[in-house]
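Below is one structure; the comments refer to it alone.
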Amino acid sequence: MERESPLSPEGADPLLSLEGVGRRYGFRGPWVLRGVDLAVTPGALIRVEGANGTGKSTLLRVLAGIDAPTEGRIVGRPRTAYVPERFPAALPFTAAEYLTHLGAVHGLDRPAAVVAADEWLERFGAAEYARTPMAQLSKGSSQKVAVAQALLADPELLVLDEAWTGLDAEAREELERVVVERTAAGSAVVFVDHDPRRLAGVPDATYAVVGGALELGAGKGTGAPAAAVTGPCVLVEARGRRGTRVPPEAGELAIAVEETGSGAHRFTVPEPQSDALLRALLGARPPWHVVSVGQADDPDLDDALAALEVESS
Amino acid sequence: MTALLRYQAALLVRSQRWLPPVILYAAFLGVGVQSGQPVLDSLGYTAAALLPVAAWLVRICATNEPPAARSCTGAAAGPGRAHLACVLVALAAAGVLGTAATVIVTIISAPTSTAHDIRVEPLPAGAAGLLAALACALLGTAVGALTNWPLLRSPGRAVPALLLGALLALVVVGSPARAAITALVDGSQRGTIPVPALPVLAAALCAAAATALACALTTRRA
């Protein structure tokens, strides 16, 4: 089993670490998790895999602080938000009222919570349901409320247990973009999803829960860029002031950066991360000028990716 | 914590699940307390009936959120703090209910001893009644905290345990609630007004210990 975390860029202090964590239910129950070590650093995106009933959800609940480990310990407790797989919303509130309450629980003051509730419902295409009683929401709409709840107060650690389940296609993509945004902003995200294409290529690390232990995913998504390219990519051409360096955030998001002229750069970025890259470029000081954005399908790029794959293997 | 308390209080009020215990309490007092009866006897009855109501209110608050929503709140604020807010809101609701009932009963009752021969001042009698009601609300909260999530999760066990616990808390020798009620009834017979402060203190300790145990177990028994 893997004891070393690959997620310690420049010795960043982990937001939260699990040390020899084990969890079982009842005094004589079987161990659901055993001997789990995991460090979650700021900005880390971690995918957890495993067959049904292997303890993925338990691991996520321990990370979210909803479950205490039976043995071992947890160091650190960042501001945490959790999204469950199903959110049966038998609550006597409208969506906006519930989100305002939860925003306040997450530490926002009331006016900020009201604004954040509206913004996040709008972002997930559920603004029209803001005044609808939760009990009347469809399954997908209540899942949107559950997702919005977690994002209200910019959590430092976002734990998503199959949060995409039940969302419509647009909301699923939006949630992928939000995850990338959050990690680019320095939050850590840990997620489980049954769809292997979910955020394909983006996670910094993939772990599998096998027999209660945590194994670092073999060969995929371990931070090597070439291995990460499995989904569609976007090409972004942008120009910075002469002599400026590529903003580090943008450099991290892109899987390939190529200088094409004085100050002009071509970034290749996995599709879910393209918005975050543009935000990083436009938000840099001084800001970069975005010349063009397009699908990455030209032969040059394919060659470049092929070269990268050869390099890494 | 303020946000959690507001959220839990709004849940309780909006859910309207507080209606059955309040109606039952009112009906119980309507049957058992009549105007013109000796004040301390009636106040003892009022306090005793509050104990199961307080335990019931804890059950309502502890089960108001579906588990998925409880997980969201727990991740945001810590499951222990979230549960503490549940219990405190239930206790506050029982306190409001008990205070209202005590005030009304004090006003409509006769300011006399059981034999109607010695005068009992209504104001200090009402204060003694408030203390007894507080002791019962606190002990009922302790019973509710010990017989609901996270200690007992299936309704099939929780509800009988709650009823049995409430009954025992009223009749077992050494129970602070029983001590407070007995003090009122004895005082009524002698025509003196007791100050059941010690039972209140003991009941508060019970409630604090039970709540601490329940909050500590929120992350252990999911």
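The values are calculated or read from the model by the stated rules, or taken from the named source; none is laboratory data. Everything numeric in this text was worked out from a predicted model, so none of it was measured. Reconstructed Cβ throughout: ideal geometry from the backbone, glycine too, with neighbour counts over all protein chains shown. Calculation scope for accessible area: heavy atoms of the full protein, side chains included, ligands and nucleic acids excluded. Shrake-Rupley method; radii C 1.70, N 1.55, O 1.52, S 1.80 Å.
Observations on the model:
- Output for the stretch B:21-67, where each listed residue is within 14 Å of chain A (Cβ to nearest Cβ) and either closer than 27 Å to B:His116 by Cα or among the aliphatic types (A, V, I, L, M) (or both): B:Ile60
Yes or no, residue by residue, for (1) farther than 26 Å from B:Gly144 by Cα; (2) buried (at least 24 other Cβ atoms within 10 Å of the Cβ); (3) among the aliphatic types (A, V, I, L, M):
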site: B:Ser35; (1), (2), (3): yes, no, no
site: B:Pro66; (1), (2), (3): no, no, no
site: B:Arg70; (1), (2), (3): no, no, no
site: B:Gly78; (1), (2), (3): no, no, no
site: B:Val89; (1), (2), (3): no, yes, yes
site: B:Gly98; (1), (2), (3): no, yes, no
site: B:Thr114; (1), (2), (3): yes, no, no
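- Complete set of residues in the stretch B:168-178 that are open to solvent by 10 Å² or more (accessible area, probe 1.4 Å), in contact (Cβ under 8 Å) with a residue 24 or more places away in the chain and of a type in the set (A, V, I, L, M): B:Ala169, B:Leu170
- Scanning the stretch A:48-65 for residues that are facing another protein chain (nearest Cβ under 7 Å) and open to solvent by 10 Å² or more (accessible area, probe 1.4 Å) returns A:Arg61, A:Gly65.
- Contact annotation: no residue pair with Cβ atoms under 7 Å, 6 or more positions apart or on different chains, pairs a residue in the stretch A:256-274 that is closer than 10 Å to A:Ala238 by Cα and in contact (Cβ under 8 Å) with a residue 60 or more places away in the chain with a partner that is of a type in the set (D, E, K, R) and part of a strand (DSSP E or B).
- Residues satisfying the stated conditions in the stretch A:237-274, i.e. assigned to a helix (DSSP H, G or I), out of contact with any strand residue (DSSP E or B) (no Cβ under 7 Å at 6 or more places or on another chain) and surrounded by fewer than 19 Cβ atoms within 10 Å (Cβ to Cβ): A:Pro248, A:Glu252
- A single member of A:Ala81, A:Ala39 is more than 25 Å from A:Leu102 (Cα to Cα) and touching a strand residue (DSSP E or B) at 6+ places or on another chain (Cβ under 6 Å), and it is A:Ala39.
- Flag for B:Ala115 being small (Gly, Ala, Ser) and part of a helix (DSSP H, G or I): no
- Test: residue in the stretch B:13-20 that is outside any loop (DSSP other than H, G, I, E, B), within 12 Å of chain A (Cβ to nearest Cβ) and in contact (Cβ under 8 Å) with a residue 24 or more places away in the chain: yes
- Members of the stretch B:118-144 found to be β-branched (Val, Ile, Thr) and assigned to a loop (DSSP other than H, G, I, E, B), listed by number: B:Ile118, B:Val120
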